[in-house]
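Each value in this text was obtained by applying a stated rule to the coordinates, not by laboratory testing. Computed from a predicted structure; not experimentally measured. All Cβ positions, even for glycine, are placed from backbone atoms using ideal geometry, and neighbour counts span all protein chains on display.
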Ligand SMILES: NC(=O)c1ccc[n+]([C@@H]2O[C@H](COP(=O)([O-])OP(=O)(O)OC[C@H]3O[C@@H](n4cnc5c(N)ncnc54)[C@H](OP(=O)(O)O)[C@@H]3O)[C@@H](O)[C@H]2O)c1
């Protein structure tokens, strides 16, 4: 049996179980986020849902503008991730457009989230930025040809971004996480 896990949703659920936590969830289409809206009905005072498409900087700016005077974030989890729809994407056929589009979500999006929140003093002191990376970005473990060049390299770039944030920015801790393997759209497509 395969269970499709929506990891972002699970994280929201997990944090809401702690009564001291308030969760600010974002997604591309809040009106279609059925499960998230069910959680909102259950936890109306501790969950806010807003729209961000991390590949569109304007949506990040608008969000930070809306929140900056009222919230200090303790934890930012950059979970959004995408991949090439071409399962045969490799070094010889990867396209500029395909690479850019995956980089926009997997690396540039987390960078802009961090940057706009940090520059607008939206983090609590000693806040945590957790970037969800992938074992497929491991340079050490890449010892055979890999498909999905854009995914592997964009997550490797995210790892470097994480390292740079962790040593350069005052007042925040930043690390990346490989969440392990679980059945989601991403893993199902990778295995197809
Ligand atoms: N599944 C695994 O085994 C595995 C292994 C290693 C790492 N990861 C990482 O775990 C994270 C979650 O992925 P998942 O496997 O749980 O797959 P998933 O269910 O497809 O989740 C990916 C999420 O990212 C969102 N997203 C994609 N592009 C976005 C954008 N431009 N702006 C905002 N949100 C966007 C998607 O939103 P929509 O619902 O609107 O499409 C979706 O909710 C990803 O960063 C992935 O790389 C997963």
Output the number of residues of region 23-61 satisfying the condition of being part of a loop (DSSP other than H, G, I, E, B), surrounded by 15 or more Cβ atoms within 10 Å (Cβ to Cβ) and under 20 Å from the mean Cα position of the chain (by Cα). 6
Is it true that residue 127 is within 26 Å of residue 59 (Cβ to Cβ) and out of contact with any strand residue (DSSP E or B) (no Cβ under 7 Å at 6 or more places or on another chain)? no
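Can you find, within region 102-149, the residue that is nearest to residue 75 (Cα to Cα) among those that are more than 16 Å from the chain's Cα centre (by Cα) and outside any loop (DSSP other than H, G, I, E, B)? Before you say what the answer is, go through the steps one by one.
As a first pass, look at region 102-149 and keep what is more than 16 Å from the chain's Cα centre (by Cα): 118-127, 138-149.
Then keep just the ones that are outside any loop (DSSP other than H, G, I, E, B); that gives 118-119, 123-127, 149.
Numbers: 118: 12, 119: 16, 123: 8, 124: 9, 125: 11, 126: 9, 127: 6, 149: 30 Å.
Filtering first and then ranking leaves 127.
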Residue hits (region 62-97; exposed (fewer than 14 other Cβ atoms within 10 Å of the Cβ) and not in a loop (DSSP other than H, G, I, E, B)) are 65, 66, 74, 96, 97
Using beta carbons and a limit of 8 Å, which pairs, at least six apart or on different chains, have the first residue in region 78-95 and closer than 14 Å to residue 28 by Cβ and the second one assigned to a loop (DSSP other than H, G, I, E, B)? 80/54; 81/134
